[in-house]
Amino acid sequence: MSVFLILISILLFSCEESKKVKSNFTKNTFVTENERIKVNDSLPLLKDFLLLEDELLQEDLFKKIDLVSAIHYPMYKKKDIVNITPKMLDRYLYDINRLDLKDSIISYDITKKEYHHKMIHREMQKYKTSDYKNIIYVEAYPNKTFRLVINYSYTIQFGKGEEPISVESSISYSFKIINRKIEEFDIQESG
């Protein structure tokens with residue numbers, strides 16, 4: 001009988017310890033409401049990105065795009081480098097502005113838009129191309145940092161009778177908007 005009582009005591013004690021561990025684990029893994037609000041407050045809102053509708057701010061952005069592109073591709077002319085154009089950006093800003101979600105935190109779901117702009121490297125323009133598709137979206141990071149991403153693809157046929165192949169590439173522009181100026185600008189490309 002005493003062995004039975006000892007076993008029950010051990011079992012009850014271990015269950016109590018398990019509850020303590022579980023409650024400590026829960027406390028340490030969940031973010032409090034105040035902490036969640038702090039994180040969200042540091043993320044830019046859609047209206048912060050839409051400041052790019054300002055003509056002077058856009059001009060600053062495109063100067064930075066041209067400057068960094070010239071550094072990345074010193075042997076190419078501006079027209080030979082694939083980048084977003086003012087017309088493409090204006091259309092994109094117009095489309096996301098129509099959503100009337102200016103006070104929302106930026107997310108892929110609300111900023112993803114599809115277009116069919118002809119974005120092709122100069123070397124590929126001598127071949128037959130078709131099926132142009134661009135996915136444009138914005139990512140937001142703390143401290144009012146944005147990443148404007150363009151995933152673009154097209155089909156190319158190198159020679160008569162050859163099977164067309166699909167080409168996919170991506171370009172992204174990372175920056176902050178500080179005092180109506182583009183700061184900490186960078187371009188990343190892949191594909």
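Residue pairs whose Cβ atoms lie under 9 Å apart, sitting 6 or more positions apart in sequence or on different chains, and linking a residue in the stretch 162-191 that is of a type in the set (S, T, N, Q) to a partner that is outside any strand (DSSP E or B), are S169/V82; S169/M119; S169/H121; S169/G191; S170/G191.
This table checks each residue for (1) in contact with a helix residue (DSSP H, G or I) (Cβ under 8 Å, 6 or more places away or on another chain); (2) surrounded by fewer than 17 Cβ atoms within 10 Å (Cβ to Cβ); (3) under 22 Å from Q188 (Cβ atoms).
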position: I65; (1), (2), (3): no, no, yes
position: K77; (1), (2), (3): no, yes, yes
position: D80; (1), (2), (3): yes, yes, yes
position: N83; (1), (2), (3): yes, no, yes
position: I105; (1), (2), (3): yes, yes, no
position: M119; (1), (2), (3): no, no, yes
position: E123; (1), (2), (3): no, yes, yes
position: I136; (1), (2), (3): yes, no, yes
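Do you know which residues across the stretch 47-102 are touching a Ser or Thr at 6+ places or on another chain (Cβ under 9 Å), assigned to a helix (DSSP H, G or I) and β-branched (V, I, T)? Listed by number, the list holds a single entry, I96. Return the residues of the stretch 131-188 that are in contact with a Pro (Cβ under 6 Å, 6 or more places away or on another chain) and not hydrophobic (A, V, I, L, M, F, W, C); say none if nothing qualifies. Selection gives K144, T155, Q157. Test of understanding: among Y127, Y141, Y132, Y152, which residue is surrounded by 15 or more Cβ atoms within 10 Å (Cβ to Cβ) and either touching a residue at least 24 places away in the same chain (Cβ under 8 Å) or touching a Leu at 6+ places or on another chain (Cβ under 7 Å) (or both)? Of Y127, Y141, Y132, Y152, the one residue that is surrounded by 15 or more Cβ atoms within 10 Å (Cβ to Cβ) and either touching a residue at least 24 places away in the same chain (Cβ under 8 Å) or touching a Leu at 6+ places or on another chain (Cβ under 7 Å) (or both) is Y152. Just one of (1) without any contact (Cβ under 8 Å) to a residue 12 or more places away in the chain; (2) surrounded by 12 or more Cβ atoms within 10 Å (Cβ to Cβ); (3) among the basic types (K, R) fails for R98. It is (2).
Filter the stretch 103-126 for residues that are closer than 30 Å to Y76 by Cβ and in a loop (DSSP other than H, G, I, E, B) and give the result.
Across the stretch 103-126, the qualifying residues are K112, H116, H117, K118, M119, I120, H121.
Any read-out appearing in this document is the output of simple, stated calculations on the displayed coordinates, not a laboratory observation. Small disclaimer: the values here were computed from a predicted structure and weren't measured. Don't worry about glycine lacking a Cβ; one is built from the backbone with ideal geometry, like all the others, and counts go over all protein chains shown.
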